[in-house]
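*Asks:* Below is the structure I would like to discuss, written out as structure tokens.
The values are calculated or read from the model by the stated rules, or taken from the named source; none is laboratory data. Small disclaimer: the values here were computed from a predicted structure and weren't measured. Virtual Cβ from ideal backbone geometry, glycine too; neighbours counted across all protein chains shown. Side chains are part of the model used for accessible areas, which takes the heavy atoms of the whole protein and leaves out ligands, DNA and RNA. Shrake-Rupley method; radii C 1.70, N 1.55, O 1.52, S 1.80 Å.
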Protein chains: 2
Amino acid sequence: MRKRANKGNYTRVLRKIWLSEGISRIEIADYLGLDKSTITNITAALQRDGIITEMSEGDAGPQGGRKPIKLKIEKNFYAAAGIEVQPDCCNVICINLLGEVLFSRKIKFEMDIFQFPIFFSKLIKDIKSDLNEKRVILAGAGIGVSGIVNPEKGAILESIPLGINEEFPLLDKLSAMVDVPVFIDNDGNCCCWGELVFNRAEQLQDFIYCFVEFRDDCGVAIGLGVAIDGKVHYGRNYSAGEFRSVFMEGENSGQIAILNDERINKEDDSDLFEKISSELGRNIALLVNTFALSDCFIGGDLTTAQLEIMSRALRTEFNRNWSYPGESECRIRASSLRELSVAYGAASMIIDSLFRIPAVRDTGSAEFDIPGRII
Amino acid sequence: MRKRANKGNYTRVLRKIWLSEGISRIEIADYLGLDKSTITNITAALQRDGIITEMSEGDAGPQGGRKPIKLKIEKNFYAAAGIEVQPDCCNVICINLLGEVLFSRKIKFEMDIFQFPIFFSKLIKDIKSDLNEKRVILAGAGIGVSGIVNPEKGAILESIPLGINEEFPLLDKLSAMVDVPVFIDNDGNCCCWGELVFNRAEQLQDFIYCFVEFRDDCGVAIGLGVAIDGKVHYGRNYSAGEFRSVFMEGENSGQIAILNDERINKEDDSDLFEKISSELGRNIALLVNTFALSDCFIGGDLTTAQLEIMSRALRTEFNRNWSYPGESECRIRASSLRELSVAYGAASMIIDSLFRIPAVRDTGSAEFDIPGRII
DNA sequence: TTTAGTTGGTTTATGCAATCAACCAACATG
DNA sequence: CATGTTGGTTGATTGCATAAACCAACTAAA
């Protein structure tokens with residue numbers, strides 16, 4: 001059929017086991033609409049590869065019959081690294097196939113896009129040797145940056161904090177230095193990847209991630225990430241998620257109308273923060289209700305109190321914009337991983353790619369291979 | 001491999017010919033990443049079936065070589081019917097595989113959901129006999145209704161104009177009476193289907209359709225339809241597209257804040273209409289920019305003058321909400337089919353289904369078959 | 001007119017994923 | 001202990017896609 005590539009149903013089976021740990025062969029066959037013998041063959045190959053194992057026997061059904069054999073992912077078969085790039089430092093994380101955090105650290109690095117490849121390749125080398133002690137292989141590294149990113153080409157199209165205003169082919173520089181796949185994406189989108197992976201059992205379809213950051217210069221920065229149909233949504237020119245409040249007038253720069261008059265400091269003015277939250281909520285309510293999103297995640301560097309304020313404000317505004325009797329059906333949730341969201345999400349891109357069913361693309365599809373691991 | 005089902009690549013080839021009339025076998029092979037012999041086999045089968053034909057020879061390349069043979073869809077191999085259900089009448093349309101209108105008519109019918117199935121089956125019988133004279137076979141019928149629809153089950157979940165406030169399994173009633181596939185969807189979504197099919201060569205990915213209607217009772221009604229990734233987006237509970245302005249306060253019913261104070265009649269007050277357009281524009285701007293949509297279609301029963309006013313207002317508001325230098329990149333376009341948009345779109349659902357590549361679903365996929373046409 | 005080179009398309013043999021049908025394995029119940 | 005039920009495996013078969021060789025039809029240049 002194809003040279004070597006991920007044979008379609010292999011990934012479907014693998015993904016299902018990933019989503020539903022402890023599932024049996026028969027259940028997979030029913031779920032995927034394949035013959036049970038096909039599942040036998042595929043699971044046998046996956047077991048040979050070592051990426052899944054049998055965990056235990058389940059219980060027989062009420063009418064007797066053979067006990068099912070539960071299957072699970074060998075969670076430390078691979079690990080993925082995630083790196084959040086900030087102006088003055090990097091947050092680094094390593095997670096395994098189930099999204100469990102193996103380790104994380106913060107590294108000082110005065111961001112300079114031309115120095116970064118060297119820094120990056122050293123970092124990967126360190127991570128690899130750390131993982132080597134645990135007998136885990138690195139499957140790849142994800143990078144999350146603020147700005148507009150083309151993740152297919154791995155190019156940064158624009159990034160104010162990184163001082164990039166024309167297309168910069170970062171991936172090309174990086175792949176030349178390391179021998180693992182590297183993915184790059186916008187920070188808000190990374191957060192979406194993170195929630196997709198972390199909450200994979202829920203099979204989230206349509207949600208928004210609202211990323212709030214306090215910046216020394218410009219007050220508050222809002223980044224949005226959107227997932228539609230269980231995939232991160234990029235839109236034209238990969239610019240989805242750029243936020244500007246509907247209440248902004250004229251040529252003003254900035255994102256929130258309230259902040260044209262006032263300034264906010266990180267943790268003191270909860271009154272103003274509430275106003276900001278309300279304005280933000282009004283905006284997001286329109287998005288949430290017109291697109292019928294099921295979840296709204298809140299993340300960024302917020303205190304617990306601020307999170308609380310914002311949740312309430314969002315809830316109020318979602319209901320205000322709700323056309324039907326009763327309350328808005330959108331869940332409001334705090335980000336699952338707090339200050340490590342971006343790094344975690346960056347790593348999740350790699351994990352997700354291992355278990356994602358390749359779409360039947362319109363145009364010819366070129367799969368890519370995963371490194372190492374002698375089979 | 002599989003029983004009979006639409007063999008995946010058959011549909012991919014067929015779709016490509018549908019999208020690019022006059023394409024050659026080699027071009028298809030290159031585009032889809034398949035071997036040219038595979039395309040030979042598939043096109044041979046499609047020719048046997050009669051759904052495609054060779055149209056003419058193209059020109060040889062600059063360095064000589066054999067001339068390519070252009071392929072095209074046999075456009076009258078099937079037709080699809082589309083029915084827009086309104087409280088007092090139905091707009092009916094018939095289109096062929098290329099989306100060309102074969103005929104259309106308006107039929108008086110005092111909508112009553114319990115009488116509708118009988119009306120519908122007579123209508124289909126009439127359409128079939130009309131098509132029979134042209135030697136065209138009916139592939140199916142699409143129905144567009146105002147309200148919230150579950151198109152998978154073919155159930156109307158809620159519709160104020162039709163007086164439905166609990167789930168009504170319309171499809172079940174209808175399929176019992178006719179022998180062709182029937183699809184039902186919300187009117188705004190139908191319009192999206194229509195644009196997807198009508199502009200298929202563009203391969204539209206992410207766009208919004210804004211459906212404006214004047215109603216005797218409530219002034220103006222706004223319906224939105226959204227397409228993401230070349231597919232209509234439904235969201236949680238199929239409720240995507242329900243619109244309520246961010247400027248609405250408190251418990252007010254209605255959609256537009258301006259109209260809480262004022263009333264508008266169909267064609268006289270262009271000042272007020274401009275205000276409405278601006279408010280609407282502010283809202284849509286947020287959607288268009290956050291989701292990075294490439295197009296915004298305007299449809300419904302607007303005069304040319306009103307369309308002009310609204311286009312300008314949208315453009316202004318899109319730019320106001322635009323974060324970057326220059327102008328918003330979202331195209332603003334008048335609906336391609338004016339007052340027949342919904343019916344056309346309803347028919348397009350059927351056409352689209354014939355040429356849509358079945359997604360690799362997570363769960364077992366149950367393909368469905370197309371009626372008639374002795375092969 | 002001949003020859004070489006290029007591109008479009010078909011034919012034939014082969015590989016391989018998925019299926020079917022028969023079978024084995026392990027449990028419950030009367 | 002026979003019987004029914006469910007979980008899972010084995011071996012033969014099916015049919016899609018491929019590769020490689022081939023034919024067809026054209027240009028360009030000698």
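*Asks:* What pairs come up if the first residue lies in region A:130-158 and is without any contact (Cβ under 8 Å) to a residue 12 or more places away in the chain, the second is assigned to a strand (DSSP E or B), and their beta carbons are under 6 Å apart, counting only those six or more places apart or on different chains?
*Replies:* So the pair list comes out as A:GLU158/A:ILE148.
*Asks:* What residue, of A:GLY33, A:GLY65, is within 16 Å of DNA strand C (Cβ to nearest atom), on the phi > 0 side of the Ramachandran plot, of a type in the set (Gly, Ala, Ser) and within 14 Å of chain B (Cβ to nearest Cβ)?
*Replies:* Going through A:GLY33, A:GLY65 in turn, just one is within 16 Å of DNA strand C (Cβ to nearest atom), on the phi > 0 side of the Ramachandran plot, of a type in the set (Gly, Ala, Ser) and within 14 Å of chain B (Cβ to nearest Cβ): A:GLY33.
*Asks:* If you don't mind, there's one more thing I want to ask. Does A:SER323 meet the test of being open to solvent by 50 Å² or more (accessible area, probe 1.4 Å) and assigned to a loop (DSSP other than H, G, I, E, B)?
*Replies:* For A:SER323, the condition - open to solvent by 50 Å² or more (accessible area, probe 1.4 Å) and assigned to a loop (DSSP other than H, G, I, E, B) - is met.
*Asks:* Go through region B:187-245 and report how many residues are acidic (Asp, Glu), away from chain A (no Cβ under 12 Å) and under 30 Å from B:SER270 (Cβ atoms).
*Replies:* Matching residues across region B:187-245 total 5.
*Asks:* Right, next: If you check B:SER341 against the conditions, is it away from chain A (no Cβ under 13 Å), open to solvent by 30 Å² or more (accessible area, probe 1.4 Å) and closer than 22 Å to B:ALA221 by Cβ?
*Replies:* It is false that B:SER341 is away from chain A (no Cβ under 13 Å), open to solvent by 30 Å² or more (accessible area, probe 1.4 Å) and closer than 22 Å to B:ALA221 by Cβ.
*Asks:* Given the criteria under 23 Å from B:ILE228 (Cα atoms), of a type in the set (Gly, Ala, Ser) and in the same structural domain as B:SER348 (by TED's automatic domain parsing), does B:GLY144 qualify?
*Replies:* Yes; evaluated as a whole, the condition is true for this residue.
*Asks:* What tally of residues in region B:300-331 results from selecting those that are β-branched (Val, Ile, Thr) and within 14 Å of chain A (Cβ to nearest Cβ)?
*Replies:* Summing the residues that are β-branched (Val, Ile, Thr) and within 14 Å of chain A (Cβ to nearest Cβ) in region B:300-331 gives 1.
*Asks:* So, one more: For region B:234-268, what are the residues that are among the basic types (Lys, Arg) and either at pLDDT below 70 or within 20 Å of B:GLY300 (Cα to Cα) (or both)?
*Replies:* Passing the criteria: B:ARG244, B:ARG263, B:LYS266.
*Asks:* Check whether at least one residue in region A:1-19 is within 15 Å of DNA strand C (Cβ to nearest atom), touching an Asp or Glu at 6+ places or on another chain (Cβ under 8 Å) and more than 14 Å from chain B (Cβ to nearest Cβ), and report yes or no.
*Replies:* There is at least one residue in region A:1-19 that is within 15 Å of DNA strand C (Cβ to nearest atom), touching an Asp or Glu at 6+ places or on another chain (Cβ under 8 Å) and more than 14 Å from chain B (Cβ to nearest Cβ).
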